[in-house]
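The structure appears right after this line, and notes come after that.
Read-outs throughout are calculated quantities, based only on the coordinates presented, and are distinct from any laboratory measurement. For clarity, every value in this text was computed on a predicted model and none was experimentally measured. Using ideal geometry, Cβ is built from the backbone for each residue, glycine included, and neighbour counts are taken over all protein chains shown.
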Amino acid sequence: MKNLLLGLFFLNVLFPAHLRAQDDLFLKYQGRSPTALVGDGKFIIRTTPDRFVAAKGIKLDGMFRFFSNGYELLPASTLWNSTFFPGGVAYDIRVGRDSISVIYGVLPASGFSICVKTSAWIEVRLMLNNSIGLQRKEKRDKSIKYVFFNQGELPPAILSYSDFQKQLLTASGQKLVLKSPDKTLNQAVAFSQSLLDLGYNGDLMFCELFRWQDIWARDLGSGLLPGGMASGRVKAARQSLEYDLKRYALMSPEDCKNSNDPSQGGTAEGIGWTARSVWNYYQYSGDIRQLREDAEIIRPWVAHWIRRDYDDDGLIVDVTEFMDHMIMMLTTNGVSTLAANSMYASLLNYYSKIEKELGNKGEAQKLFGLYNRTVNAINTVFWNNERKYFNNMVLWDMVCQRSSQASQAMLLKIGATDAVRSAETLDYLRKNNWCDYGSLTIVPRMNHVGLENDQNVKVWPWWNLWEAEACFKYGEKDNGYKLLNLAASTICDEKYPGFIEETLDTNGVSTGGNVFVTAAGNLLDVVVKDVMGVEPLIPGWSEIKIIPSIPDSWDNFECRVPTPHGYLLIKSKNRRLSVNVNDPNIRFVHVSDPENTFVTGTGKKLYKATLALSNRKEPGYKLVKKTGLPPLQEGKAALFYDPSFHSDKPYPGAELLNIDALADLGNTQYKKILVRGNRLPLYSSSGKSVKRSLEAFVKHGGTVIFFGATTNAKSDEDGAGILGEQCGIIDWYQYLPARTKIDLGKWVFSPDTANTSLLQKNGNYTTVFTLPQSFRGKNILIELGPLSGLDSVFINGSFAASFRDMEACIKQEYPTRTNYPDAHRYKMLSRFYVVKPEAEAYRAIRFSGQNTLAVRIFNDGMDRGMPDSNGASIGVTETGKSWQPIDEALPDVGLSSPKRKGVNYWGNEQFFNSWSTKNGMFGFEIDGDGIEFCDNTILRGLPKEHMPVRTAYTDFAIFKPWTFETLAYTTTRQHLLYPQVTERYPCIVRIANADTKGGYVLITPAVAGSVTGKNILKKLGVNFNN
């Protein structure tokens, strides 16, 4: 059994004799037969003892039936046994007194292959259902029969069941081999390489076989790339990095995402991981030409995210989070997290190394200076000096003291603090986050998501491996080994045995993916880099260090580590270390004890650790001072007022700007323009752009004051508002043909039969309407309002329109350079359909008679259906025009309920996809109480007010040269922070361009019409008699 695992090729060609005594790496289950996965990455097959079905990549569905003398033999399921090994699975079935063995796997030349071992008198029938064919061959050995099924030809050397198993083991590609007293870890090393192979389709490595079939920057940087290199899968690792870099090259940094999903990359966190990947690949390859090409791609992205630190305090608010099912939802609130800033530090650190290596010393020094600034900020703002760990986030200077396992592990992993604090943090995690199955994601629980959330008080073996890396890095090898062992132990889970789990609950039960390729790669990297202590000291591996950090109980162990041009054999016998180098490019091995370390194949040196920032003792961190805003420009103020646009009266004594003047501010005498509310025309009557006019006004130092700027509520649905999709500030209007409308209401709902809950709103919505004869011959206009589902519309049973007809109206002001699919393109988009006289549905209309309008809604993830609040209508255009609200995505359509744009999280628009957010204006609805004005601002000295506040404005959309200043806060009670029960949010803010000194002021509607509001305007230099 020992020799079988390594296979004939590895036994006889690659491995010297002393590695042939490998322990049994098989996972055995007595009386149980869990489902296995076999494949080659391009296809994957699920197998059970007598059944196999393709999971992806191929058409295969088969079942075995066994017969003797014409009678079918029915196996006893309670007696099935199974053995899992890297490259395949074997099942033993008892049928009466006979035993049948079935083994599944993939052979390089034969593809998917099966061997069935039975008594000679048993007939084996394979029943295929809608499948490709498999070649069948039989071989006999006395009373034993072997039946083989293969996609291709069976290799001639395979004559028996044992031959077949040996060939599967040979094909499993175990380039990294660990033989240690820890059998589970040995197995995990072997199986994790098989999982990497299953996750590699020939072009790239997937993060997870079924749930996440793509690449995320964090997965690539922490697991796939380092694990691929550690296990000799360098081609797959490089291809995956090139795949990710190509996405960056095709997109623009202003997109803030490198695909249609920012969590995959393009954010500060994503670039931090990508810079690390580029550097680590260079360390492995030593290819300076390749480093230069890779650096050229990500350099603009690095520069873009440095602009995110708009106040130069060393900290940023990212647009998403690696905890993208939990903390990401708070980034719009203005949350600055430990995780995001740790990876921002990583971005600066690794890219400074890259620039230095490329000879760009000035840029390298600048980046390293920014890195040190961020390190100072992290260690002053997030450090909990009383309890000796790092707090997880800050919300408007209010600190949340939850202990985030992965965030702190990430910080320590990249070395953005000193050794003393690292040790204290690891000690705190061990005492407070650890449970029997690993280190919990966050304690205490977060309140804005439920405990069913896969990141709220859960164990992620992947993130636990980050903590293990930190433990090894700072000399806590026993704790590091403990976490490594717990992660490795998840391969024993009976859902796809051998493969590492994604998520566990506090009882150790798997709750997420069961084949997490990223974690497998991370485990392999920890074994090589941390346990074996193997790392390059010079790019290209001409000099390396080998300093194992093994448990004290490991007197004897052996490890074969692949290298760029060969391999290392590391062996300890009675704790005496020997290293055999089989790589001609390795000139020196640096070891901690040259006298007691036997090195063959190259030279050896004493390892001398460099004094890195992370190893300094108490460096004396200093709080980074924020850069203030330029002063508000003095000068005359005017009120935007046009009687055709406004229904209320202007302030007495105000100098007025009508729409034409607002659209032509090039030579204006005014320095401040007051807008009551946040309604603006898109164009003047002559077609001049108000947006461009306001931009020019601000560019010349002017300030636009929105007095009573309303905000939209954030929803709890991806793509519909949870991430600020509708949280821009401006409501835009167009001068469009007026409409005569007939209200559509009293909708009758018929639920879809596929609905599984009474709350679901998929189904048919019908209402009746009557159109006058005067409408005949005119285009009929149907406005349904914003829908969260997809819709089809019928008039008297005749198809009239569907959501896809909105494409003719949709316009993107800030598209990305690539046309990624937008899964949420229609979500909460108002539906407006035109039924022309030549249409079949038009001919179905009974003018002056009763008609039925039916709307079929499906894929309604928000369960909104067709609410009466949508104000649906049917009508025709009139000869005159009127100012009508529009959606920025539908600028030529007047709507009763337009969708205000803010960001495009999912899809082929830039992340900040509205004029509001491009100019730094972002906000959302809250349940606030009171207003407290900030000292050291232009509103200092105003008394605290007690009133309800429904608006919050945050710095979520701010990049340099825009800067952000809070002028007043309001208080909420969302229980987001710990241990506090309240939060605060800006409700009056100033957004200024640091270069031009112009900008915008957003003032909550709570003060509009009050004495406080008048006093605020006076402080801002607006002295109308209002």
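Packing order of peptides 775-783, 600-608, highest average first: 775-783, 600-608 (average count of other Cβ atoms within 10 Å over each peptide's residues).
Please compare each pair in Lys42/Lys166; Lys811/Lys901; Lys142/Lys166 to a cut-off of 19 Å on the Cα-Cα distance and tell me which ones are over it. From Lys42/Lys166; Lys811/Lys901; Lys142/Lys166, over 19 Å: Lys42/Lys166; Lys142/Lys166.
Pairwise alpha-carbon distances in the stretch 731-885 exceed 23 Å for 41% of all pairs. Convex hull volume of the Cα atoms in the stretch 2-171, per residue, in Å³? Value for the stretch 2-171: 120 Å³ per residue. For a label point 7 Å from the Cα of Arg575 along Cα→C-beta, name the residues of the stretch 478-499 whose backbone N is under 17 Å from it. Under 17 Å, as judged by backbone N against the label point of Arg575, lie 478 of the stretch 478-499.
Compute, for the stretch 2-171, the length of the dipole vector about the Cα centre, with Cβ point charges of +1 (Lys, Arg) and -1 (Asp, Glu) only. Units Debye, rounded to 20.
Numbers: 21 positive and 13 negative charges, 17 e Å.
Here the size comes out at about 80 debye.
Stokes-Einstein diffusion for the stretch 366-521 at 20 °C, viscosity 1.002 mPa s, with a Kirkwood radius from C-alpha pairs, works out to 133 µm²/s. Spread over its residues, the convex hull of the C-alpha atoms of the stretch 159-274 is 124 Å³ per residue.
Starting from the alpha-carbon convex hull of the stretch 793-862, give the projected area averaged over all orientations, in nm². Across all orientations, the stretch 793-862 yields a mean hull projection of 6.5 nm². A straight Cα-to-Cα reach below 21 Å connects Lys545 with the lysines Lys175, Lys179, Lys353, Lys413, Lys473, Lys477, Lys529, Lys571, Lys573, Lys604, Lys605, Lys608, residues fewer than 8 places away in its own chain not being considered. Across the stretch 457-473, coupling constants 3J(HN,Hα) worked out from phi with the 6.51/-1.76/1.60 Karplus curve, θ = phi - 60°, read 6, 10, 10, 10, x, 4, 5, 5, 5, 5, 5, 4, 4, 5, 4, 4, 4 Hz, and Gly and Pro carry x.
Report, in degrees rounded to the nearest 10, the 0 to 90 angle that the Cα long axis of helix 234-250 makes with the longest principal axis of the chain. It works out to around 10 degrees. The value given for the stretch 371-412 is a Kirkwood hydrodynamic radius of 10.6 Å, derived from the mean inverse Cα-Cα separation.
For the stretch 542-619, the antiparallel share of DSSP beta bridges with both residues in that region comes to about 55%.
Leu759 to Asp427: FRET efficiency via 1/(1 + (r/R0)^6), r the Cβ-Cβ distance, R0 45 Å, to the nearest 0.05?
Working: r = 47 Å, r/R0 = 1.03.
E(calc), rounded to 0.05, equals 0.45.
Please state, rounded to one decimal and in Å, the Kirkwood hydrodynamic radius that the stretch 606-739 gives when every pair of distinct Cα atoms enters the mean of 1/r. Before the final figure, lay out each step's value.
Details: mean 1/r = 0.0531 Å⁻¹.
Computed over the stretch 606-739, the radius equals 18.8 Å.
Between the alpha-carbon centres of the stretch 88-104 and the stretch 144-166 there is a gap of 15 Å.
Please give the residues of the stretch 65-88, grouped as numeric ranges, whose backbone N is less than 15 Å from a label point set 7 Å along the Cα-to-Cβ vector of Glu123. Output list for this probe position: 65-74.
Tell me, rounded to the nearest percent, the portion of alpha carbon pairs in the stretch 542-619 spaced more than 16 Å apart.
Working: 1627 of 3003 pairs.
For the stretch 542-619, the fraction of Cα-Cα distances above 16 Å is 54 percent.
A simple spin-label model places pseudo-atoms 7 Å from Cα toward Cβ; at Asp892 and Val420 they are separated by 6.8 nm. Report Rg(Cα)/(2.2 N^0.38 Å) for the stretch 177-531, keeping two decimals. Expressed relative to 2.2 N^0.38 Å, the Cα Rg reads 0.92. Straight Cα distances below 19 angstrom link Lys356 to the lysines Lys366, with same-chain residues fewer than 8 positions distant left out. How big is D, in µm² s⁻¹, for the stretch 218-322 by Stokes-Einstein at 20 °C and 1.002 mPa s if Rh is the Kirkwood radius over C-alpha pairs? After rounding, the answer is 153 µm²/s.
What's the FRET efficiency of Asn385 with Val981 using the Cβ-Cβ distance as r and R₀ = 22 Å, to the nearest 0.05?
On the way: r = 23 Å, r/R0 = 1.04.
Once rounded, the FRET efficiency stands at 0.45.
Of the two radii for the stretch 440-533, the radius of gyration is 0.99 times the Kirkwood radius, both from the alpha carbons; that is the Rg over Rh value.
Does the chain come out rounded, prolate or oblate, given a ≥ b ≥ c as the square roots of the eigenvalues of its C-alpha gyration tensor, rounded meaning a/c under 1.5 and, failing that, prolate meaning a/b above b/c? Don't jump to the answer; show the numbers that get you there.
Values: a/c = 2.55, a/b = 1.46, b/c = 1.75.
Oblate shape, in that a/c is at least 1.5 and b/c is the bigger or equal ratio.
Between the stretch 759-833 and the stretch 34-51, the C-alpha centres lie 44 angstrom from each other.
Taking label positions 7 Å along the Cα-Cβ direction at both Leu74 and Asp752, the computed distance is 4.1 nm, reported to one decimal.
Just round it to a whole percent: the fraction of Cα-Cα distances in the stretch 577-679 exceeding 19 Å. Walk me through the intermediate numbers first.
Values: 3687 of 5253 pairs.
For the stretch 577-679, the fraction of Cα-Cα distances above 19 Å is 70 percent.
The label point for Glu840 and the one for Thr818, both projected 7 Å from the Cα toward the Cβ, are 3.9 nm apart.
The long axis of helix 288-306 is offset from the longest Cα principal axis of the chain by roughly 30 degrees.
Averaging the Cα positions of each part gives two centres, and for the stretch 383-441 and the stretch 268-324 these lie 23 Å apart. Listed by chain and number, the lysines placed with their C-alpha closer than 20 angstrom to that of Lys1014 are Lys636, Lys649, Lys671, Lys672, Lys944; residues fewer than eight positions away on the same chain are left out.
The C-alpha atoms of the chain define a longest principal axis, and helix 361-381 lies at about 80 degrees to it. Basic side chains Lys and Arg get +1 at the Cβ, acidic Asp and Glu get -1 at the Cβ, and with that the dipole of the chain about its Cα centre reaches some 920 debye.
Proximity of backbone amide H atoms, modeled 1.01 Å from N, is registered between Leu829 and Leu787 at under 5 Å, excluding neighbours fewer than 5 places apart on the same chain.
Using a Förster distance of 35 angstrom, determine the FRET efficiency expected from the C-beta separation of Asp863 and His946, and round it to 0.05. So, using R0 = 35 Å, E works out to roughly 0.40.
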